[in-house]
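Remarks on the structure that follows.
The values are calculated or read from the model by the stated rules, or taken from the named source; none is laboratory data. As the structure is a prediction and not an experimental result, all values here were calculated from the model. Cβ: placed from backbone, ideal geometry, glycine included. Neighbour counts: every protein chain shown.
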């Protein structure tokens, strides 16, 4: 063998060895992790007993503060602590009307004192005496500040039309009787929404209680995944990787709280909740390269929600896509520009949005019109067997073209848009 050949073979061997080392080093590198999202909600589920509710609330608050400490010790910001009960008619049954209202005022006082918010579950879940339940719920929400509630508008895989009408009446009453009509921020009509969502106002349970779930404010995670993605498959892979990291990180800490406190962890609602500084609308535009509401929006929405199905962590609640007009600055901007309509939002819900969320409406929107909107949401839910909700905010005294004047720090102010010309 010539010296020249031996030298050439040596050089090639060195090059192959260097390439192997480089590949091994790359394989050992972990994917870049994203900044931790905020924890929007840690929600404890309590099977409320009127005879010992103060003790139960105290125990739940103690657990929630412990769980908050666990998450904050690992660098998370926990925004809210929440408690949700079984459907409220189960523990107000046979209670005189005035005593029921006073009971919830007392609960509201506890919530403000201990810095948590409370969901008392749905009326009409059982379908018995539903109108009276809905009327009582409207009065409860009128007289409290930290309590949320709902009306369930589907039953046995069909639309419950009396409940649809009752929900519309609740919305109209809260619009007309609460300051700036903000009472409807704490109310929603639910269609096929399962128990144990951490997000309000939808949260409720139907079991034994002593359980909890977690919801994140992760719209910025979606934006990070989509930023400069070369195509939709690459964007989906990035999103999947980031959400797997985040969901299993949450599961580790939640399981610790489960083991050490004896409250059962049921899962994470993967819905990427937006906020004023975390826009899901902007994230969607980063993928579609079009203003939200233009062609390509539906594809981006479907990309996000289909990705969640491939995540193996324990899931709870919607695990869909929230598009709250009044809580997301980019969505609010596109609403003001007339690029988003009720019909468009419903079409996005068909590929797993969560329905109509914080939609401002003219104050003179009738009960019949509200019922038709809620009925559309319920019908879509039944057709596709998926959880949807309607949180509608008619603003008393405001017409199409007027600006809202909300003071709740969670709500943005926008221009009210006209309803369809066909709506009386």
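For (1) surrounded by 21 or more Cβ atoms within 10 Å (Cβ to Cβ); (2) in a helix (DSSP H, G or I); (3) at pLDDT below 95; (4) over 18 Å from the mean Cα position of the chain (by Cα), each residue gets a yes or a no:
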residue: 248; (1), (2), (3), (4): no, yes, yes, yes
residue: 272; (1), (2), (3), (4): yes, no, yes, no
residue: 285; (1), (2), (3), (4): yes, yes, no, yes
residue: 310; (1), (2), (3), (4): no, no, yes, yes
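Identify, please: which residue in the stretch 104-120 is in a helix (DSSP H, G or I) and in contact with a helix residue (DSSP H, G or I) (Cβ under 6 Å, 6 or more places away or on another chain) and is, among those, surrounded by the most Cβ atoms within 10 Å (Cβ to Cβ)?
Going through the qualifying residues, I end up with 104.
A quick yes/no check of all residues on (1) surrounded by 22 or more Cβ atoms within 10 Å (Cβ to Cβ); (2) more than 14 Å from residue 313 (Cβ to Cβ):
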site	(1), (2)
218	yes, no
230	no, yes
243	yes, no
253	no, no
262	no, yes
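Does residue 342 qualify as being surrounded by fewer than 22 Cβ atoms within 10 Å (Cβ to Cβ) and under 28 Å from residue 196 (Cα atoms)?
Answer is yes for this residue.
Looking at (1) in a loop (DSSP other than H, G, I, E, B); (2) under 30 Å from residue 270 (Cα atoms), which one does residue 398 not meet, given that it meets all the others?
All conditions pass for residue 398, except number (2).
What are the residues in the stretch 315-342 that are at pLDDT 95 or above and outside any loop (DSSP other than H, G, I, E, B), if any?
The answer is 324, 325, 326, 327, 329, 330, 331, 332, 333, 334, 335, 336.
Residues are listed down the side, and each one gets a yes or a no for (1) at pLDDT 95 or above; (2) touching a helix residue (DSSP H, G or I) at 6+ places or on another chain (Cβ under 9 Å):
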| residue | (1), (2) |
| --- | --- |
| 44 | yes, yes |
| 47 | yes, yes |
| 55 | yes, no |
| 67 | yes, yes |
| 76 | yes, yes |
| 79 | yes, no |
| 87 | yes, yes |
| 92 | no, yes |
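Would you say residue 266 is in a strand (DSSP E or B), under 20 Å from the mean Cα position of the chain (by Cα) and closer than 30 Å to residue 68 by Cβ?
Taking the combined requirement at face value, the residue satisfies it.
Collect the residues in the stretch 287-299 that are crowded, with 18+ Cβ neighbours inside 10 Å and either assigned to a loop (DSSP other than H, G, I, E, B) or without any contact (Cβ under 8 Å) to a residue 40 or more places away in the chain (or both), keeping them in residue-number order.
Residues satisfying the conditions are 288, 292, 293.
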